[in-house]
Amino acid sequence: MVGVRLMREAFRPHKNGKASGALADAEAEGGEQTATANLFAGAMGAYKNPASHRTVDFDDPIEAAEIIQFADLLLR
């Protein structure tokens with residue numbers, strides 16, 4: 001399992017006492033858990049996947065810096 005599917009599974013929210021993804025925050029509200037899963041899945045789909053399937057040129061240093069800052073935020 002890789003990419004978006006991996007993120008969806010890893011951050012799968014808790015529901016009615018059922019087990020969740022390994023990275024889901026059990027203390028967070030359900031909507032927040034879903035939003036976090038969507039955020040990570042979106043990051044994989046928008047930034048990781050394209051570079052895995054083709055050459056992506058980051059000619060704009062500002063854009064490259066913004067992507068790095070976004071990745072840094074996700075790692076917190």
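Run through region 1-64 and list the trypsin sites (Lys or Arg not before Pro) located in a DSSP loop whose Cβ has at most 11 other Cβ atoms within 10 Å.
Here the sparse-neighbourhood loop sites are R54.
Please give the contour-minus-distance gain from L73 to A19: 0.36 nm per residue of separation, less the Cα-Cα distance, rounded to one decimal in nm.
16.8 nm
Which angle from 0 to 90°, rounded to the nearest 10, does the C-alpha axis of helix 61-74 make with the longest principal axis of the chain?
20 degrees
Net charge around P50, counting only other residues with Cβ within less than 14 Å of its Cβ (Lys, Arg = +1; Asp, Glu = -1)?
0
Read through the labelled values (1) 47, 23, 15; (2) 35, 25, 18; (3) 39, 28, 22 and report the label of the one computed as Cα extents along the principal axes in Å from the structure.
Structure-derived value, by its label: (1).
Please list, ordered by chain and number, the residues whose modelled amide H lies under 5 Å from the amide H of G21; skip anything fewer than 5 residues away on the same chain.
R12
Exactly which GluC sites (Glu not before Pro) in region 1-61 are in a DSSP loop and have at most 16 other Cβ atoms within 10 Å?
The qualifying sites are E27, E29.
Using a simple charge model, +1 on the beta-carbon of Lys and Arg, -1 on the beta-carbon of Asp and Glu, nothing else, what dipole does the chain show about its Cα centre, in debye to the nearest 20?
Its charge dipole is roughly 580 debye.
Using Cα atoms only, what is the angle between the long axis of helix 30-43 and the major principal axis of the chain, expressed in degrees (0 to 90) to the nearest 10?
Value to nearest ten degrees: 20.
Expected output is a single nm value to one decimal: the length gained when fully extending between T55 and N38, i.e. 0.36 nm times separation in residues minus the C-alpha distance. What is it?
Here the answer is 3.6 nm.
Once the dipole of the chain is set up with Lys and Arg at +1 and Asp and Glu at -1 on Cβ about the Cα centre, which of S52, A64, N16 lies farthest towards its positive end?
N16
Could you please report the charge total around G3, scoring K, R as +1 and D, E as -1 over all other residues with beta-carbon less than 13 angstrom from its beta-carbon?
Neighbourhood net charge equals +2.
Every number here is computed from the coordinates shown, using simple stated rules; none is lab data. What you are looking at is a predicted structure, and each value in this text was computed from that prediction instead of being measured. Backbone-built Cβ (ideal geometry, glycine too); neighbour counts: all protein chains shown.
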